[in-house]
Structures are given as structure tokens and as C-alpha cells.
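The structure appears below as C-alpha cells.
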Amino acid sequence: MTDLGIEHKLGGYKIYTREDAAALFAGRKLVIWGAGEKGRGFEAALRRNDLKVSAFMDRALAGSEVQGIPVLDPATMLSDRKTLADFYFLCATIRRKYLEMFATLQAAGLTKERDYTNIQTLCPYYPTVEISGLCQLHCIACPRNGQNAHGGLMTTARFIAILDKLIREIPFLYLVESYYFGDPLLNQHLPDMVRAGRERGVQLGISTNLNFGQGIDTLCAAAPAKVHVAISGFGQNYEVTHKGGRWRIVEENMRKLAVSVEKFGRQTRVALMFHVHRNNVVEIPSVQQFCRELGFDFSPIYSQVFPDLVLDRLEGKPESDDAKLAIDLMLVPMDECLAKARADTDKVCTNKRCLPVIDWDGSVLPCCNFAHKRIGGEIRKGEGSKISGDFLKVSLSEIVERRQQCDLCQTCIAQSLHRYFNAADSQSIVGPILCT
């Protein structure tokens, strides 16, 4: 290993077994704070391991039931300090919010780890399984830019074999992302895969450009917990950045999706991931109103080109016209993004937990953010660009070790690109725009 800091930035986590979890909980009743898709998914993972959740805590859903379990108000629950010792609390949300939950629990007299933790403690990794190596678009910010045409589709049998191995190696697994750079809706077996995951207590994360609308009803009938729809403009402006897409088709399919979600009992939440560029900021109010009309969550993020294209610029390589336009349209200039990343270079990789990344053919890739599988600054194809040719034949611990040693991670960390994508930055930058 050439960089002594890489183990800290990309190293492994303890993976809890059922016995480890039982010892941590020490016979207390389990409460999950957060009854959204993360909390519901983790409840299913606990149930898979014969551990029962007594209650959810969620202010917005207090007084209802989720998956047959009562939802309580956090303030009411935490006010009765005489009974708090009877419970163990699991916080099911993103880092920024669970740190707020930790502070509230500590103020109630509880101690981290002894009395509470976050669900990432028990399930430290978020695997990606690319079920479709195909994408019909040529988005200007994507380094593949239409080069997905030679990919393929994962079979249901291979997906189930991969999922079963993941569960054996990560007993409290509750979420698998089903996309890398392809569009999962192009795989007609996606509903079968969603059902296979639900049967095993694992949710599938689905993200789509929704230019392909066949099978929307079949997908919603399978009841995925959440579907992300990615757009980068509201109207014809969309077609500038989501190159090859057709706004009319996307809008029509989003309306179809809303109808289908309603038809099947609102079991699926839809989030509209709006990529904010310099040329579409003025469209934010229209997108917000559209989300309210259809019952979608509005999830804006600021646009960034992928690290492959950043490395091209840092290494002085020629850039396509699309790449130049994508960089020019970034809401936050690339130099500013890089300066922030370099200031955080000693921090852990933002994708440290995103492992393993499994391609449509079952091979294992180093990272979910590098589309071309760079090695040593060059684009390479074949086994040399992979951690393993077959996930089913290599252990998770070996995958962790191989990632720490791979040239891609060494190059990325040397350039501080492991801190280039940062969800917290996106919230701090886009948030003020929404308030103006």
C-alpha cells in the first residue's frame, strides 16, 4: 500500500452478526427512530434475524402503525425517563439527522452504544448491484455519455444468488442500490427482483431517467419502497443536459407513475432528484409545484460532473464539447469543488460504505462513482479494471482488502477526489436557493 492513510479512508467496518446484535441490545425492547424507508427496511432486516421491534418513533407518523408496529411521538417517549432503560434505540436516517437524534437521546440521559446507535453500526455497507448495464441517454455530465450500449442485463437468478450471498456476509443488510450507470427499468425482470428483495427483508434502491415507461404498473405492483426520478430541467431545457432524453415522454411517464403509485395503495414513495445547473435555477418553483401536484418528494442536488471528467482536466487530457458544457453549467465551479475537496483531504472517502459495487455481469468494480473503471489514470477494459471477475467467488473481506490496494483508489485519494461528492455540501448550497 503506497499511502498509509488509505486504510483509514477506505478501511473495513465491523459487520454485526445476530449474536453481536443480541449482546448489544442486552434483552431490551427495540425502538427504531424514523419510520421512513430506512426504518422500515431495517425493521425487516431485524425480523429476518428473529429480533422484534416494539415501536417506531416518528413525529410525523405518531399515532399510526407501520408494518403492524405502533408509531410513537419521540417527545412523549423520551419524557418518561423511568422506562427508558427498558429500551434500545436505533436511529434510522442520514448522518446529519442522526447526529441530532444522538444529541436528543444524550440529553435524555442515555449513552451512545450502551443505549442507542445508528442502523449503520449494524449494517455498515450499502452494496450496489447493477441490474442493467444499459442506458438510452447521453447525459453531458456522464463520462459514459452513451457508451452503455454494449452492456447487458442481469438475470433474476444471478441477482438472487448475489443477494443471498450479500445477506450471508452482511446479516443486517436492508438496502441494495440496483443501479450504477445503467437504468434499472430497462431490465424487465426488475419487479421480480424487487419481490425477491422484499421476501428477504431487503429493499432495492431504484433510480431512473424515466424515458422508458413500459412496465410502470408492474413495478408499482411489486411495491418498491422508493423510486428516484432524475431530471435536470423542467421543459425543453431538460434535453440540454439529459441529452438524448425527451421531456414530453418523461413528463408523461411521471404522471403515469403517480397514477400507478396511487392505484397500488401508495406503497412506493417517489422522489424527484432535480439536478440544479446554472441554467435551470429559475425552474425550481415549477418543479416544486409539479412535485406537490403528483405527491412526489422534491430532492434537489447541485450538478457535478463525474470524477472521470475531473481527472481528465487535472491530467490535461482533451475534453469533449459535452464535458466542457457540463463543467460550464455546474452551479458550483469545478475549481471551487476541488478546493473544498482538498481542504477535506484527510477525511474519509464519502463512498467508503458503498461496497461492494457489482456490475451487471457479476464482476466487482472498485467504485460507484467512476464510470470507466480507471486504473492508474488510464481507461482500461477487462479483468485489470476490476476487483474480481465474479462476486460469488470472492469473500466480502477480500473485496474490502482489494479495494484498499487498487490503483483507482490510490489515484482518487491522491487527487482528493474521495471528497469531491458530498451530500452535506449539496444541502448547504441548494438549501438557501430554495428559500429565496
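The values are calculated or read from the model by the stated rules, or taken from the named source; none is laboratory data. Bear in mind that the values here come from a model prediction, so they are computed numbers and not experimental data. Quick reminder, even Gly has a Cβ in these numbers, built from the backbone with ideal geometry, and neighbours come from all protein chains shown.
Per-structure values
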quantity	calculated
Tabulated pairs, region 235-264, first over 18 Å from F296 (Cα atoms), second among the charged types (D, E, K, R) and part of a loop (DSSP other than H, G, I, E, B), C-beta under 8 angstrom, 6+ apart or interchain	E239/R246
Selection status of R114, surrounded by fewer than 19 Cβ atoms within 10 Å (Cβ to Cβ) and without any contact (Cβ under 8 Å) to a residue 12 or more places away in the chain	yes
Odd one out for V305 among (1) exposed (fewer than 13 other Cβ atoms within 10 Å of the Cβ); (2) in a loop (DSSP other than H, G, I, E, B)	(1)
Condition met for G152 (surrounded by fewer than 19 Cβ atoms within 10 Å (Cβ to Cβ), within 26 Å of C367 (Cα to Cα) and of a type outside the set (V, I, T))	yes
Close pairs (6 angstrom Cβ cut-off, 6 or more residues apart or separate chains): outside the structural domain of T117 (by TED's automatic domain parsing) in region 17-38, hydrophobic (A, V, I, L, M, F, W, C) and in a helix (DSSP H, G or I) anywhere	none
Top-ranked residue in region 195-243 [being over 16 Å from the mean Cα position of the chain (by Cα) and β-branched (V, I, T); ranked as farthest from V270 (Cα to Cα)]	V240
Residues that are at pLDDT 95 or above and not hydrophobic (A, V, I, L, M, F, W, C), drawn from region 147-178	T155, T156, R158, D164, K165, R168, E169, P171, Y174, E177, S178
Every residue from region 71-109 that is in contact with a strand residue (DSSP E or B) (Cβ under 7 Å, 6 or more places away or on another chain), closer than 22 Å to G27 by Cβ and surrounded by 16 or more Cβ atoms within 10 Å (Cβ to Cβ)	L72, M77, F87, Y88, F89, L90, C91, A92, L105
Residue within region 132-148 that is surrounded by fewer than 22 Cβ atoms within 10 Å (Cβ to Cβ) and either in a helix (DSSP H, G or I) or β-branched (V, I, T) (or both) present	yes
Residue in region 97-104 that is outside the structural domain of A225 (by TED's automatic domain parsing), within 30 Å of L417 (Cα to Cα) and among the charged types (D, E, K, R) present	yes
Residues being without any contact (Cβ under 8 Å) to a residue 60 or more places away in the chain, more than 20 Å from F42 (Cα to Cα) and surrounded by fewer than 22 Cβ atoms within 10 Å (Cβ to Cβ) - total across region 193-215	3
Checklist (1) in contact with a helix residue (DSSP H, G or I) (Cβ under 8 Å, 6 or more places away or on another chain); (2) under 27 Å from R18 (Cα atoms); (3) outside any strand (DSSP E or B) applied to T117, failing item	(3)
Residue that is within 30 Å of R48 (Cβ to Cβ) and part of a helix (DSSP H, G or I), where the choices are S207, S260, S286	S260
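Residue by residue, here is whether (1) charged (D, E, K, R); (2) more than 30 Å from L392 (Cβ to Cβ) holds:
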residue	(1), (2)
D80	yes, yes
I94	no, yes
Y98	no, yes
A103	no, yes
G109	no, yes
K112	yes, yes
T128	no, no
C139	no, yes
C142	no, no
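The rows are residues; the columns are (1) farther than 30 Å from R96 by Cα; (2) modelled with pLDDT of 60 or more; (3) surrounded by fewer than 14 Cβ atoms within 10 Å (Cβ to Cβ); (4) among the charged types (D, E, K, R).
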site: C367; (1), (2), (3), (4): no, yes, no, no
site: H372; (1), (2), (3), (4): yes, no, no, no
site: E383; (1), (2), (3), (4): yes, no, yes, yes
site: F391; (1), (2), (3), (4): yes, yes, no, no
site: S416; (1), (2), (3), (4): no, yes, no, no
site: S426; (1), (2), (3), (4): no, no, no, no
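Residue-wise test of (1) surrounded by fewer than 15 Cβ atoms within 10 Å (Cβ to Cβ); (2) assigned to a helix (DSSP H, G or I); (3) basic (K, R).
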{"site": "R313", "(1), (2), (3)": "no, yes, yes"}
{"site": "A323", "(1), (2), (3)": "no, yes, no"}
{"site": "V332", "(1), (2), (3)": "no, no, no"}
{"site": "A339", "(1), (2), (3)": "yes, yes, no"}
